[in-house]
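> This structure is in structure tokens; I'll ask about it shortly.
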Amino acid sequence: MEEALAVAPPRWALSAFARLRSLWQRWFLWLILAVLVSALLVTVVWLAGRHEVEQVQATLDRDTADAVSDLRIGLQRNAQSLRATQASGLDRTHWPEAAASLLREHREWIRLEWRDAALRPLEAVNTPYRMRLVADESRGADQSDVGLACAAARKLGAPAYSPSHYVPILGGGGVEVMELCVPIDAGGFLVASYSLRDTLIELVGHTLTRGQEVAFTEADGTRLVALGTSRRTGTRVFTSQQLIDLPGAALMLRVDGWRAAPDLFPNVLTALVTAISIALVSVLVLLARDTRRRLRAERDLADALAFRKAMEDSVITGLRARDLQGRITYVNPAFCEMVGFSPEELMAGSGEALEAPYWPTELAHEYQQRQARRLAGGMPPREGFESVFMRKDGTRFPVLIFEAPLINAQRVQTGWMSAFIDISEQRRIEELSRASQERLQASARLATVGEMASLLSHELTQPLAAIASYATGSLNMLGPHAKGEQAEVAMAVRRIAEQADRAGQVIRSVHDFVRRRDRTREAVAPQALIDAVLPLVRLQARKLGVSIEVVLEDRLPAAVCDRTLVEQVLLNLARNAMQAMDTPDHVGDRVLRLRVSRVVAVGGPGAEDARRWLEFSVADLGCGISEEVAGRLFTPFFTTRADGMGLGLSLCRTVVEQHGGVLMFEPNRPRGTVFRFTLPST
């Protein structure tokens, strides 16, 4: 097979290859010349176009700056004109006539007002060039825009402006208005309302609006009013903005110019001859250097090899090359770091033997078979395959392997090239994702249990109501003065009615708990909580042969809690404790101890809330809880009983935590387990 692969190509193929190589060398420099000249022409055209664009933009910036200057001068002149009306004193009889004269001279004003020091309007005159835009009843002393402008004018002692605001017009539409407030020496203010659109028309040069659009905008770019021509098709947008900083307000003057594409040919013709000359000289220089480039070929080749070596050493993917006999001929540093062996150890360990030092002992036979198939010409899958490698310290780690034939310059296969990716982190992330998926599934099961609990609570309400009704009817039939056996029957019927009522309360509490409703909490004596569950606990304790001890400290405060839910927590913990002692291998007494005491350690000794908590404990003398079970004890759906659902302790902890307490457990001495939970007290 090796002899067949090593057969030389035919002579006619070598001759054709030599002619193509000579032709390429002959026209290579001319190709460079053409590319260079083209690049120079494109560069000159681009520079000329850029220069013309910069000139157009500079002209637009200069025109915008001149327009802003004219606008500032016009606004200052208007403020001086308004202030001049008080030079000869203000008279309410003659002021309207003077104001009307000013409005005829200044079309950008739509209204002049004379207000007192409290900003109440004294006189007002509207522009004769427009229909009345502003209603007198809307221009009161509480107008915020006028208030801002006059407050700034009073503070500065000079004219001040308000931010622009929109004034709607009857019938639809509206205008953008800005208020100018001029303080009066004798007290009060003169207020002029500017129409921003008329301000652009009157105070900005008409030549600026030809062929471009002029607009007032907010500082954030919001367009207020615009004037000028719209953009034409095939034109380019040039934009210039200048800030108009007025006392009390700030506006932006934006000018959008529409210009056709710059004419480039007059600028390029003068530089074309120079560019071609530079290109020709460059080609001559290249021809002179061509001989020296051949001498530098070996040095360039060495640099290329060094560069390739640097790239191979910098990648984090492990690389390995093997010859056709399976010997390792090359490994990169990433592969050595991955397996923990040096290059010398890897290459020396793959001499005559087919086994590599990084192969796990238990998988060596499988790897040998796979390597034999590769050496026999078997192609690996293109998508790669997973395997397990062993580090020098003996630890195993998963890898993803990609293999491809190693082909030399003569198109002959000389071995195999392999790339290795350590997928340990990927496996860890997949495991975390799987655990998260399991938690999501558990949450879904909890939601299903909640729906089932709501459904059961709804369906069981009617049977329990029927039981209570039958019990009440039976008591009525027995009468209040029953004696003998009838008295015992009446007592049993009362117990049935009490337990039916209690079952209804439990179902309602579970239903409200599942639906996350706010529960009404009340102050309940600890003795009452214990007494409520003792009858049911004694029934099970009598069946299992368990004795019950109840220990309560003296003068305990009342617990603030949802009585029904806390009773269910006590009942569940007591049943679990008795079931823990009901095992075939249990030896000794079966004692269930219920204890209620004050908590003195919450918040530390002497803390204010040290006596505001009660601790309930349920202790048994069972076999205890192992460490493995303890880590998952409160996990939903985890149970050690064949008939259990695994929801009891999880729900108990949720109920206690909703009350602000904590549910914990610890080993009992000498044996068994103690469950403790805390509740707030009065």
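Values in this text are rule-based calculations from the coordinates and carry no lab data. Keep in mind that what you see is a predicted model, and the values were worked out from it rather than measured. Positions of Cβ are backbone-derived with ideal geometry, glycine not excepted, and every protein chain shown enters the neighbour counts.
> Provide the gained length on full extension for the span L363 to E553, in nm with one decimal, where the gain is 0.36 nm per separating residue minus the Cα-Cα distance.
Stretched fully, the L363-E553 segment lengthens by 61.7 nm.
> Tell me the label-point distance for the pair A100, T239, using the 7 Å Cα-to-Cβ offset, in nm and rounded to one decimal.
Reported label-point gap for A100 and T239 is 4.6 nm.
> Tally Lys/Arg at +1 and Asp/Glu at -1 over every other residue whose Cβ is under 15 Å from the Cβ of Y470; what's the total?
0
> Same structure again: Dividing the Cα convex hull volume of the range 309-422 by residue count, how many Å³ per residue is that? It would help to have the intermediate numbers written out before the result.
Working: hull volume 12.3 nm³, N = 114.
Per residue, the Cα convex hull of the range 309-422 comes to 108 Å³.
> At a Cα cut-off below 13 Å, give the aspartates and glutamates reachable from K309, other chains included and same-chain residues fewer than 8 away excluded.
none
> Count the net charge of all other residues whose Cβ sits under 9 Å from the Cβ of F677, scoring Lys and Arg as +1 and Asp and Glu as -1.
+1
> Listing C623, C652 from the residue with the fewest other Cβ atoms within 10 Å to the one with the most, what is the order? Display every interim value, and only then the final one.
Numbers: C623 15, C652 23.
Lowest to highest Cβ neighbour count: C623, C652.
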